[in-house]
Amino acid sequence: TFADPIFGVGKSCSYVATGGAGTASLVAAGFRPHHFDVTTRAACGVFSYAGQPFSATVTARNASGGTTLNFDGGANTSPNMARLVTISEASGNATGSLSGTAIAASAFASGVGVASSLAFGFSNKLTVPQTISLRATDTDGVSSSGYTEGSMALRSGRLRLSNAFGSAKAALQVPVVAEYWLAQLID
């Protein structure tokens, strides 16, 4: 029920859950974020190799842009205000697929959750560098669409080992070079 707890005193509206089967869902609905912001962290500084895990941080925001602190899935939060959030590829890049996309409600603390094992795998290893955008959406349909959506630069690469010769009784240095594809081969 909605009520004025102390008549005549300046305050904001209060909400009192009076019990019943729908109580938890009614309280939880009161803390739905306005939108999400997504930021990314590349595995190699400014890019990640295809198939290499990278992370994305999802922040629940209110309409003023502040963090929605009650979007929290901690064990000490009653009821659980956070929802499952799924990360998807938002730029329409069809060169591969994204994995590790779920952030459990319990992973959110004070409005912030991290997907630490995202990876985008190219369908063809001879793919030129790509950039993907990431979108967060929860089970209530709240999304990062139209707000901050992180992007990730991706490269398809390999490690090339060169030949080395030496004694079996001593350490041997083997030259290693990291390479990535710059252009598609033309038939």
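The values are calculated or read from the model by the stated rules, or taken from the named source; none is laboratory data. Note that the structure is a prediction, hence the values are computed from the model and not measured. Note: ideal-geometry Cβ built from the backbone for every residue, glycine included; neighbour counts use all protein chains shown. We work out accessible area using only protein heavy atoms, side chains counted, and drop any ligands, DNA or RNA first. Shrake-Rupley method; radii C 1.70, N 1.55, O 1.52, S 1.80 Å.
Suppose we filter the stretch 33-67 for residues that are touching a Ser or Thr at 6+ places or on another chain (Cβ under 8 Å), more than 20 Å from L98 (Cα to Cα) and open to solvent by 40 Å² or more (accessible area, probe 1.4 Å); how many remain? The total comes to 4. The condition (being closer than 24 Å to A56 by Cα and at pLDDT below 90) is satisfied by just one residue among G146, G157, G150: G157. Need at least 2 residues that are in contact (Cβ under 8 Å) with a residue 12 or more places away in the chain and under 13 Å from the mean Cα position of the chain (by Cα) per element, so show me which strands (runs of 3 or more DSSP E) inside the stretch 112-172 make the cut, counting only ones lying wholly within it. The qualifying strands (runs of 3 or more DSSP E) are 112-122, 130-138, 151-155.
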